[in-house]
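Let me begin by presenting the structure, written as structure tokens, before commenting on it.
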Amino acid sequence: MTPQQDSDHDPQRRRLLRRAATVAAGGAGAGVVAAVGLPGTAQAAPGDNLVMGTTNDAGTASTTLVHDAAQAPLHLENTSGVPLRLVPNALTTADTRGFATGSVAVTHEGGMYAEAQSGGWVWTSEWATTSVAVPPTRVLDTRDVNLRRNLVSGSLDANGRLQPGVPVVLALDAYVRDGYAVKGNVTVVGMTGAGVLTVWGSGAKPTASTVNWSTSGTILSNFLFSQLGAFGSFRSVLTLQATASPTHVIVDMTSLLVGHPNQVLLKDEG
């Protein structure tokens, strides 16, 4: 046996080699544990998991939370504030009473409800309205044949005046799509005696009046704020009817009530 072979079998040398291997293995294990304890950003893509306590980045993809425990609310705890509680839809308005703070729900009527301290409805175009001011626009003047073009039903007398007891329908579809209401000014002129003018949306004539006059030869105006109705294929109409005496009518529009401003077709060209 050579001296080199003797050194390979030296007991002390073997002990040193085993110790070095143990230290190396321990160092490698510590590195693996450290890597597991510090996870990278989870990708919230379809099929991937979310890792709690880390930042989860879905990139350009959407993330969907699925919860179907007999249609029970999805409750997301918040240790530093109010939890988020997502309530299943297909609810009625009455069902929102008594919701816990932090609840959010959408009813089958299309309304979105959020319970804060006192609760309330979220302002959406499904049920709420917004008033959009438009350039003052004359939409009817029965004295001018060109300004009678928006009348789509009813008849005027030989002089173009409203006839007592005969309703006429004024369509505003050229100015608004499915409008809720209109604001403006209504004027009567050229009447032959005392009378009353009523302006409303559609359906049965209400008993209220819009303008009243007691004699002929006067010019009277009044602010107009009326709901818009539907008539045939027209979805935004006003109905006008005079009583007692014929009269010319002028309608000037200044604002429209809609669910969303893009329903207004009349644009300010200034």
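The values are calculated or read from the model by the stated rules, or taken from the named source; none is laboratory data. All of these numbers come straight from a predicted model, not from anything done at the bench. When we count neighbours, we look across all protein chains shown, and the Cβ atoms used for this are built from the backbone with ideal geometry, even at glycine. The area values use the complete protein model at the heavy-atom level, side chains included, leaving out ligands, DNA and RNA. Shrake-Rupley method; radii C 1.70, N 1.55, O 1.52, S 1.80 Å.
For this structure, a couple of remarks:
- Other residues whose C-beta falls under 9 angstrom from the C-beta of Arg235 contribute a net charge of -1, scoring Lys and Arg +1 and Asp and Glu -1.
- As a fraction of the 1.4 Å probe accessible area of the range 155-270, surface on carbon and sulfur atoms comes out at 53 percent.
- Mean Cβ neighbour count within 10 Å, used as a protection proxy, ranking 97-106, 204-213 highest first: 97-106, 204-213
- Anisotropy class of the range 200-255 from Cα gyration tensor, a/c 1.5 cut: prolate
- Each residue of the range 226-238 was assigned a 3J(HN,Hα) from its phi angle through the Karplus expression (A = 6.51, B = -1.76, C = 1.60, θ = phi - 60°), giving 9, 5, 8, x, 10, 8, x, 8, 8, 10, 9, 10, 10 Hz with x at Gly and Pro.
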